[in-house]
Structure formats: structure tokens, C-alpha cells
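The values are calculated or read from the model by the stated rules, or taken from the named source; none is laboratory data. Source: prediction; values computed, not measured. Please note: Cβ atoms are built from the backbone with ideal geometry, for glycine as well, and neighbour counts cover all protein chains shown. The area values use the complete protein model at the heavy-atom level, side chains included, leaving out ligands, DNA and RNA. Shrake-Rupley method; radii C 1.70, N 1.55, O 1.52, S 1.80 Å.
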Amino acid sequence: MITMNNVEKWYGAFHALHDINMSVHKGEKIVLCGPSGSGKSTLIRCINHLETYQKGEIRVGGILLGNQSKAIDAIRREVGMVFQQFNLFPHLTVLQNCMLAPMRALGLGKAEAEERARSLLGRVKILEQANKYPLQLSGGQQQRVAIARALCMRPKIMLFDEPTSALDPEMVKEVLDTMISLAEEGMTMICVTHEMGFARQVADRVIFMASGAVVEEAPPAEFFTNP
Ligand code: ADP
Ligand code: ADP
């Protein structure tokens with residue numbers, strides 16, 4: 001689903017990614033961890049072209065990620081993303097937040113977009129909040145809306161960038177449970193997270209980054225027993 005070959009990225013003079021090579025198969029769950037500033041966020045943002053990179057190549061579902069806007073649009077349809085900050089539109093209701101991209105980017109009619117949005121809001125157990133505005137919801141609820149919104153594009157891959165880091169502890173579980181159920185349904189996922197219990201339970205591989213490079217990669221059982 002995703003291959004990265006010899007990817008290098010600089011922010012100006014700062015070398016943010018060093019020779020990244022990675023392949024992610026259909027249905028695989030990757031947990032990306034490592035200290036703050038090690039390049040985790042940069043790496044996953046390169047996958048859907050929220051960041052550009054200077055060398056190497058990234059393919060998503062066979063599409064070569066160049067700078068052509070057509071390829072970028074195609075990839076953004078395949079790849080859903082959830083951020084630490086929920087990034088919901090505050091002036092739109094929960095339902096409207098979920099309907100927007102399918103209508104704009106996929107050209108779905110209003111009725112069809114609404115049906116899809118309601119079904120996914122149901123799946124993340126938040127349908128009863130559909131007509132509220134994001135700021136009327138708890139952080140955990142907002143994050144579940146953000147997950148539903150991404151799923152409304154029917155992505156083949158989901159990227160999560162510290163989805164629980166901005167949440168109060170009591171809300172972390174509801175978001176992790178949503179992610180676990182998505183994993184169980186076979187979604188291909190890359191998750192940047194410090195939640196090691198989640199990594200143990202869900203990850204096929206844990207990838208550890210430091211200073212912009214991948215320094216260790218192993219199945220969780222192996223990863224967590226290494227000295
Ligand atoms: P992580 O997600 O592991 O915390 P990031 O990918 O956010 O790490 O950042 C990696 C490094 O790149 C950090 O040193 C950060 O300061 C730097 N960085 C991130 N974004 C930018 C940017 N837009 N301009 C310059 N440096 C950046
Ligand atoms: P996160 O913790 O979610 O990765 P950050 O707080 O690291 O986010 O970064 C927020 C924004 O600031 C991002 O767009 C990132 O690219 C940018 N950024 C991060 N570090 C730097 C930096 N050293 N110089 C310029 N921009 C940066």
C-alpha cells in the first residue's frame with residue numbers, strides 16, 4: 001500500500017528525515033514512536049503530501065507521489081488523516097463537518113453524503129451529537145468525529161498523528177477503542193502514538209525513530225522485550 005525508498009527531507013538547512021525506507025502492506029498496522037522532534041510527524045505528513053520531500057520516492061497504492069496536483073488529490077482520497085488537534089470546522093455541525101469532503105472532493109449529492117456521514121458517526125458512537133457544533137463536545141468526542149470525518153472519504157489507509165495526546169486521560173480510552181475497532185476491521189494504519197498498550201495490542205510492527213532516522217523496527221512482542 002505504501003512504499004518509501006530513500007526518502008530525505010530538509011526544512012531549510014535542517015535535515016529532518018534521513019534515508020527512510022519503509023513498506024506497509026494492506027491491512028498492516030504500524031505504530032511509529034520515538035522522542036519528540038525525531039521526525040515521526042514529518043514522516044507521516046510526507047505520505048499524504050502535507051509536507052514535500054527533496055529526495056527519494058513515496059508510492060501510495062501504486063501512485064507515485066510527485067508534485068503533480070492530480071497525484072496529490074488521488075492520494076488524499078486514499079489516505080485519511082487524524083491529527084492531535086482535531087481540526088474540525090467550528091462553524092459547521094458535526095454532521096456538516098463529515099459531509100463536506102465527500103461533497104466537495106467526491107462530488108456526492110447531499111442526501112448520499114448525509115447517509116454516509118450518519119452511518120460513520122454511528123460507527124464511532126456519536127450519531128446522537130450529529131447536530132451539535134464541535135465545541136459543544138468533549139475532546140474525546142471531537143476526536144471520534146475527526147475519525148468519522150476521515151472515514152467518510154472511504155480511505156484505504158489511515159494516518160494518526162498523536163490522536164490522544166491532547167485529550168484528558170479519561171477520554172483516551174474511547175478514542176483508542178475506536179482505533180482498535182478500525183484495526184480489527186482490517187484498516188491499514190500508521191499511528192504515531194505514545195500509547196504502548198495500544199501498540200502491544202494492535203501493531204504488527206513498531207518502528208522507532210530518532211533524529212530523523214528509523215533506528216529499530218520489530219513486532220511488538222520483540223520490540224518490548226529488547227533491553
Ligand atoms: P516528531 O513528530 O517526532 O515530534 P516532527 O516531525 O514534528 O517530530 O519534527 C522533526 C524535527 O523537524 C523537529 O526538530 C522540528 O522542530 C523540525 N520541524 C518540523 N516542522 C518544521 C518546519 N515546518 N520547519 C522547520 N523545522 C521543522
Ligand atoms: P506536532 O507536535 O503536532 O507535531 P508541532 O507543534 O511540532 O506539531 O508543530 C506544529 C507546526 O509547526 C507544524 O506545522 C510544524 O511543521 C511546524 N514546526 C514545528 N517545528 C518547527 C520549527 N522548528 N520551525 C518551524 N516550524 C516548525
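Against the test of being closer than 18 Å to VAL175 by Cα and not in a loop (DSSP other than H, G, I, E, B), the options ARG144, ARG104 yield a single qualifying residue, ARG144.
Does LEU50 satisfy the condition of being of a type in the set (A, V, I, L, M, F, W, C) and either in contact with a Ser or Thr (Cβ under 9 Å, 6 or more places away or on another chain) or not in a helix (DSSP H, G or I) (or both)?
Numbers: of a type in the set (A, V, I, L, M, F, W, C): yes; either in contact with a Ser or Thr (Cβ under 9 Å, 6 or more places away or on another chain) or not in a helix (DSSP H, G or I) (or both): yes.
Here the answer is yes, as LEU50 does meet what is asked.
The residues of the stretch 199-213 that are open to solvent by 40 Å² or more (accessible area, probe 1.4 Å), outside any helix (DSSP H, G or I) and more than 17 Å from ILE2 (Cβ to Cβ), listed by number, are PHE208, SER211.
Among the residues of the stretch 181-198, count how many are closer than 17 Å to SER41 by Cβ and crowded, with 21+ Cβ neighbours inside 10 Å. Working first, answer last.
Restricting attention to the stretch 181-198, the residues satisfying the condition of being closer than 17 Å to SER41 by Cβ are 189-195.
Next cut, crowded, with 21+ Cβ neighbours inside 10 Å only: 189-193, 195.
Within the stretch 181-198, residues that are closer than 17 Å to SER41 by Cβ and crowded, with 21+ Cβ neighbours inside 10 Å number 6.
Keeping to the stretch 109-143, report how many residues are hydroxyl-bearing (Ser, Thr, Tyr) and in contact (Cβ under 8 Å) with a residue 12 or more places away in the chain. Can you show your working first?
Residues of the stretch 109-143 that are hydroxyl-bearing (Ser, Thr, Tyr), as a first pass: 119, 133, 138.
Of the ones still in play, those that are also in contact (Cβ under 8 Å) with a residue 12 or more places away in the chain are 133, 138.
Residues in the stretch 109-143 being hydroxyl-bearing (Ser, Thr, Tyr) and in contact (Cβ under 8 Å) with a residue 12 or more places away in the chain: 2 in total.
Residues to consider are ARG154, ARG144; find the one that is buried (at least 19 other Cβ atoms within 10 Å of the Cβ) and either out of contact with any Leu (no Cβ under 8 Å at 6 or more places or on another chain) or on the phi > 0 side of the Ramachandran plot (or both). Just a single option satisfies the conditions, and that option is ARG144.
Residues to consider are GLU28, GLU57; find the one that is more than 8 Å from ligand 1 (Cβ to nearest atom), under 22 Å from PRO163 (Cα atoms) and open to solvent by 20 Å² or more (accessible area, probe 1.4 Å).
Values: GLU57 fails: under 22 Å from PRO163 (Cα atoms).
Unique residue meeting the criteria: GLU28.
Residues of the stretch 5-20 that are within 19 Å of the chain's Cα centre (by Cα) and either open to solvent by 50 Å² or more (accessible area, probe 1.4 Å) or modelled with pLDDT under 95 (or both): none at all.
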